[in-house]
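Throughout, read-outs are computed from the coordinates displayed, never taken from laboratory work. This is a predicted model, so every value here is computed, not measured. Cβ coordinates were reconstructed from backbone atoms using ideal geometry, including for glycine residues, and neighbour counts include every protein chain displayed.
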Amino acid sequence: MRVGYVLAFACGLVGLLGCGSSKPPPPVGVSTVQSTERKAPVKFEYDSLDERPVSSAAMKGKIGVIAFITTWDLSSQAQVDYLVAMSKRDGDQVSYALVALQPRRDRELIELYRTKLGVTFPVALGDAETISGSGSFGDVHSVPTVVILDREGRMVWRNVGLVKADEIRREIRGAK
């Protein structure tokens, strides 16, 4: 019986360590960056928590940074902290926005989240298509997901997972 437990443990360990794979997974806390090709502009419009629109029309003409988050995820909270600090430094040079991938019934919770984290840029609720992964930005089932749009509204960069401010800044510079 003990041999069975040892064998099961060894098989599980091999799976966790990714033995046999050519590329090890990134360390915890390190983002996996995915560049995207410049294609047609992305068309979107989300239900904003206030009068400031979160839409392709509102972001056109500036570099746009959109983070898809949830209020219950610690990585999302860390991502919001990075973006809040970046937005203070960038002023009006870059358009920032958050899109909460949560149902409308969570609107009050999202407003509290925005207030507590000191978010000064627009925050919106994701629509049903975005939440299901079939919206304008494709599959955004993992949070946080950060996308960067160029001045024409084309998605030029996408990252799934927590990404540090210096990586985002590097990609913003490349989008100009």
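Of note:
- Summing charges over neighbours of Asp90, with a neighbour being any other residue whose Cβ is under 11 Å away from its Cβ, gives +3 when K and R count +1 and D and E count -1.
- Listed by chain and number, the lysines whose alpha-carbon sits under 23 Å from that of Lys116, ignoring those within fewer than 8 places in the same chain, are Lys88, Lys164.
- Positive minus negative residues near Glu167 (Lys, Arg vs Asp, Glu; Cβ under 13 Å): +3
- About its Cα centre, the dipole of the range 28-175 is roughly 400 debye, where the only charges are +1 on Lys and Arg Cβ and -1 on Asp and Glu Cβ.
- Taking amide H as placed 1.01 Å from N in the peptide plane, the amide H of Gly135 sits under 5 Å from that of Thr130, each at least 5 places away or on another chain.
- Here Lys43 is the anchor, and the lysines within straight C-alpha reach of less than 25 Å, apart from those fewer than 8 places off in the same chain, are Lys60, Lys62, Lys176.
- The relative contact order of the range 28-175 comes to 37 percent, based on Cα pairs under 8 Å that sit 6 or more residues apart.
- log10 of Debye I(q)/I(0), alpha-carbon scatterers only, for the range 28-175 at 0.10, 0.15, 0.16 Å⁻¹: -0.28, -0.68, -0.78
- Per-residue packing, averaged as other Cβ atoms within 10 Å, sorts the ranges 94-101, 49-56 into the order 94-101, 49-56, beginning with the highest.
- With a cut-off of 12 Å between beta carbons, the residues surrounding Gly138 carry a summed charge of 0, where Lys and Arg count +1 and Asp and Glu -1.
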